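Peer 1: First the structure, which I've put down as structure tokens, then a few questions once you've had a look.
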Amino acid sequence: MNNKIKLAVAGAVLSAASVANAGIIIPAGDWTIDINGNVNAFYNVTNADKVKSSTYVHGGLAKMEDTDGEDTIHGINTGLLPAWLGFTGTTRQNDVDVSFTISFQPNTSDNAVTGDAKTPLNRQAFVTFGDKSWGTVKLGKDLGVFAGQAILNDMTLLGVGSGAGVSGASTTLGGIGTGYIYPAWKGQISYTTPNMNGFSATIAVTNPNQGGFGDAIVTAPLGATAATELYQDRLGIEGQVMYEWTGDVGGKVWASGASYDVTGDASGGTDATTKGDIDSYTASVFDIGATITSGNLAVTGYYYDGDGAGTTLMGNLGADLQGSAGAHKFKKRDSDGGYLQATYVIPTGTKLGVAYGVSNLDKASGETEDNQWTVATGYLVEKNERWTVGAYHPLTKHLNLVAEYNDIEVDAHNSSIENDAQAISLGAILFF
């Protein structure tokens, strides 16, 4: 994949005034407007090997065989990236670089009878100001800081990855949940240092998004009720440090982390009946990664480790509910995972890649199999594992043809339950 396409990918996912590769440039008085984005679509066929509805894995990412015994599903969807239309304006005023970015993500497919069911996503609306001498401040909604590099360095960003087994879905998952936790799109106030001989750092406070901290964060003892009200009671804190270098062997290394406080009504209702039914814990996670390039070869390694951070989404299944009425307590689950990836560009310009990713979720202290879901509703996920083999061919400098094979395996905290699914994806992605 050539450098223009690489920069277009980064620009489409994480727009910033410093992105070197421009889209459509329009001078407008004091401003320079950059219109950029992508359109992509993939034909996906997914087959479930062993999955049965009676052995559902709560938190598992492999497609399940349905109740009618159907084990194959076809669809035409976008991939990990939604279709994208972004507008970035830049100017320099009073010795300060100022920019804004607003983007929209329409859908290329849905499965409603009218084809009009999906609403557009709205992932970015932020301003930045700063100078190369003292750094940059960002205010607004953009990709989260923690795990942002994990998704930006994922080769399935150009393709599909896991999650293709839902016809008409807005996006697939790529390596989310099978190698890293989704960084998500968050309201934030952040500061990034200037580039200091390749070194930079970012610190941010983020909006306490509630989606991952809902009902699914806990499993309850059999016969008890799971907590139905969980929320973050302070701003999140996220940060990253990174070092980049160039040369015959170039690359970058980074580390990032996040911390969120979570409070829940452990009584199972919307209001705790006693003070003892309110409990809190801190979900925290860190990661480390590196991408090394030499000629046409690129290798990426990534690892994360969390305490109460859960799996796939920040906080999802991050705690277990234990104790008796009036004295319920949340016990945090540990999680970790990562991915290894290697790509090579052959003389035709085609980038060939192979990746392995895994996300593990441990049981909480004192949690047993009987504390989890019944056989009828499934068991807690222990591992989501993915193999990806892909080919990404630049038909033009802006248009890539893509072919991917993904194998997803799910293990539960019950040694007899294992779900497998395989997906083949063929399509194209156009950047401008």
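The values are calculated or read from the model by the stated rules, or taken from the named source; none is laboratory data. In this text the structure is predicted, and so the values were computed from the model without any measurement. Glycine gets a Cβ as well: all are built from the backbone with ideal geometry, and neighbour counts include every protein chain shown.
Peer 1: For residues that are in contact (Cβ under 8 Å) with a residue 12 or more places away in the chain and surrounded by fewer than 18 Cβ atoms within 10 Å (Cβ to Cβ), scanning just region 70-84, find the one that is nearest to Val127 (Cα to Cα).
Peer 2: The qualifying residue nearest to Val127 (Cα to Cα) is Ile76.
Peer 1: On to the next question. Determine whether region 106-120 contains at least one residue that is among the polar types (S, T, N, Q), modelled with pLDDT of 90 or more and touching a strand residue (DSSP E or B) at 6+ places or on another chain (Cβ under 6 Å).
Peer 2: No, every residue in region 106-120 fails to be among the polar types (S, T, N, Q), modelled with pLDDT of 90 or more and touching a strand residue (DSSP E or B) at 6+ places or on another chain (Cβ under 6 Å).
Peer 1: So, one more: State yes or no: is Asn414 outside any strand (DSSP E or B), modelled with pLDDT under 95 and more than 21 Å from the chain's Cα centre (by Cα)?
Peer 2: Taking the combined requirement at face value, the residue satisfies it.
Peer 1: Another question, if that's okay. Condition first: under 21 Å from the mean Cα position of the chain (by Cα) and either of a type in the set (A, V, I, L, M, F, W, C) or over 28 Å from Asp248 (Cβ atoms) (or both). Now tell me which residues in region 283-297 satisfy that.
Peer 2: Hits for region 283-297 are Ala283, Ser284, Val285, Phe286, Ile288, Ala290.
Peer 1: How many residues does region 296-348 contain that are under 30 Å from Pro394 (Cβ atoms) and either surrounded by 15 or more Cβ atoms within 10 Å (Cβ to Cβ) or free of Cβ contacts under 8 Å to residues at least 12 places away in the same chain (or both)?
Peer 2: Result for region 296-348: 13.
Peer 1: Within region 99-137, work out how many residues are of a type in the set (Val, Ile, Thr) and part of a strand (DSSP E or B).
Peer 2: Count: 6.
Peer 1: If I filter region 182-198 for residues that are at pLDDT 95 or above, touching a Lys or Arg at 6+ places or on another chain (Cβ under 9 Å) and closer than 20 Å to Val45 by Cβ, do I get at least one hit?
Peer 2: Checked against the condition, which is being at pLDDT 95 or above, touching a Lys or Arg at 6+ places or on another chain (Cβ under 9 Å) and closer than 20 Å to Val45 by Cβ, region 182-198 yields no hits at all.
Peer 1: Across region 108-145, what is the total count of residues that are surrounded by fewer than 15 Cβ atoms within 10 Å (Cβ to Cβ), under 21 Å from the mean Cα position of the chain (by Cα) and of a type in the set (Phe, Trp, Tyr)?
Peer 2: 0
Peer 1: Here is a further query. Test each condition in (1) at pLDDT below 90; (2) part of a strand (DSSP E or B) for Gly250 and report the one that comes out false.
Peer 2: (1)
Peer 1: Looking only at region 84-136, how many residues end up being of a type in the set (Lys, Arg) and within 29 Å of Ala164 (Cα to Cα)?
Peer 2: 2
Peer 1: Hey, Asp420 hits all of (1) modelled with pLDDT under 95; (2) surrounded by 20 or more Cβ atoms within 10 Å (Cβ to Cβ); (3) under 19 Å from Thr156 (Cβ atoms) but one; which does it fall short on?
Peer 2: (2)
Peer 1: In region 95-107, which residues are surrounded by 16 or more Cβ atoms within 10 Å (Cβ to Cβ) and among the aliphatic types (A, V, I, L, M)?
Peer 2: Val98, Ile102
Peer 1: Sticking with this structure for a sec: Can you pull out the residues in region 25-83 that are touching a helix residue (DSSP H, G or I) at 6+ places or on another chain (Cβ under 7 Å) and either of a type in the set (A, V, I, L, M, F, W, C) or at pLDDT 90 or above (or both)?
Peer 2: Those that are touching a helix residue (DSSP H, G or I) at 6+ places or on another chain (Cβ under 7 Å) and either of a type in the set (A, V, I, L, M, F, W, C) or at pLDDT 90 or above (or both): Asn36, Gly37, Asn38, Met64, Leu80, Leu81.
Peer 1: What is the one condition in (1) surrounded by fewer than 19 Cβ atoms within 10 Å (Cβ to Cβ); (2) over 10 Å from the mean Cα position of the chain (by Cα) that Leu152 does not satisfy?
Peer 2: Unmet for Leu152, out of (1) surrounded by fewer than 19 Cβ atoms within 10 Å (Cβ to Cβ); (2) over 10 Å from the mean Cα position of the chain (by Cα): (2).
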